[in-house]
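Below: the structure, in structure tokens.
The values are calculated or read from the model by the stated rules, or taken from the named source; none is laboratory data. All figures in this text were calculated on a predicted structure; none of them were measured in a lab. Counting neighbours? That spans all protein chains shown, and the Cβs are built from the backbone with ideal geometry, glycine included. Just the protein is used for accessible areas: all its heavy atoms, side chains included, with ligands, DNA and RNA removed. Shrake-Rupley method; radii C 1.70, N 1.55, O 1.52, S 1.80 Å.
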Amino acid sequence: MQNKKKLLLLSIIQFVLLLALLGNIMYFKQSADTFKINSQSLDPVEPLLGHYAALSYDFDSITMKDWKGNGKPKEGENVYIVFQKGQNDIYQLNYVTDHRPKHSKYIKATIQYTYIGEEKEIVINHNLSRFYIPESQMDKYNKGGSKYIVTVQQKGDRSVVKAVDVQ
């Protein structure tokens with residue numbers, strides 16, 4: 001009898017946790033801001049991982065002229081890619097900083113590494129580099145080097161790719 005009560009309590013706790021997780025995902029999808037940015041595809045199909053578009057952006061690597069942080073950029077540091085509204089309601093890179101902007105569209109990222117060439121270049125790692133393609137739309141996306149318009153959902157420091165449209 002005691003074991004049945006414990007099992008029932010454990011089941012209820014697991015069910016509540018599952019509902020909380022689903023509620024968190026649904027809340028994010030309903031309340032997050034969306035904006036669009038330009039992208040292009042590098043390698044649209046990976047047979048072992050499934051069908052996806054590997055997206056590249058103009059802010060994947062930046063120079064010091066795009067950096068507006070307080071100090072020197074360091075490897076592994078959290079940064080914020082700040083956007084400004086451009087033509088056709090498509091947002092473009094404005095600057096990258098090490099402090100969270102208050103009234104701008106931004107994506108949280110980390111500095112992967114910096115290297116010195118003609119101009120010091122900073123490579124940024126973010127979570128918007130892959131978009132898994134629905135099976136019914138493979139022909140539309142299955143062209144390397146295609147240009148895309150990516151719709152990003154962003155709330156707080158969390159950002160995800162909502163949709164990808166072929167330009």
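Based on this model, can you work out whether residue 141 counts as of a type in the set (Phe, Trp, Tyr), at pLDDT 85 or above and buried (at least 16 other Cβ atoms within 10 Å of the Cβ)?
So residue 141 does not fit the description; no.
Taking residue 91 as the residue in question, decide whether it is surrounded by 16 or more Cβ atoms within 10 Å (Cβ to Cβ), at pLDDT 85 or above, in a strand (DSSP E or B) and among the aromatic types (Phe, Trp, Tyr).
So residue 91 fits the description; yes.
Could you tell me whether region 111-121 includes any residue that is assigned to a loop (DSSP other than H, G, I, E, B), within 27 Å of residue 64 (Cα to Cα), open to solvent by less than 100 Å² (accessible area, probe 1.4 Å) and modelled with pLDDT of 75 or more?
no
Out of region 16-55, which residues are of a type in the set (A, V, I, L, M, F, W, C), part of a loop (DSSP other than H, G, I, E, B) and either at pLDDT 80 or above or open to solvent by less than 40 Å² (accessible area, probe 1.4 Å) (or both)?
32
Report the residue count in region 144-167 for those that are touching a Phe, Trp or Tyr at 6+ places or on another chain (Cβ under 7 Å), over 25 Å from residue 99 (Cα atoms) and either open to solvent by 30 Å² or more (accessible area, probe 1.4 Å) or not in a strand (DSSP E or B) (or both).
3
Going through region 68-124 one residue at a time, which ones are of a type in the set (Ser, Thr, Tyr) and touching a Ser or Thr at 6+ places or on another chain (Cβ under 9 Å)?
Matches in region 68-124: 80, 106.
I'd like to verify a number: residues in region 56-82 that are assigned to a loop (DSSP other than H, G, I, E, B) and surrounded by 16 or more Cβ atoms within 10 Å (Cβ to Cβ), how many?
Result for region 56-82: 5.
Within region 122-133, track down each residue that is open to solvent by 90 Å² or more (accessible area, probe 1.4 Å) and either free of Cβ contacts under 8 Å to residues at least 24 places away in the same chain or over 12 Å from the mean Cα position of the chain (by Cα) (or both).
Residue satisfying the conditions is 132 alone.
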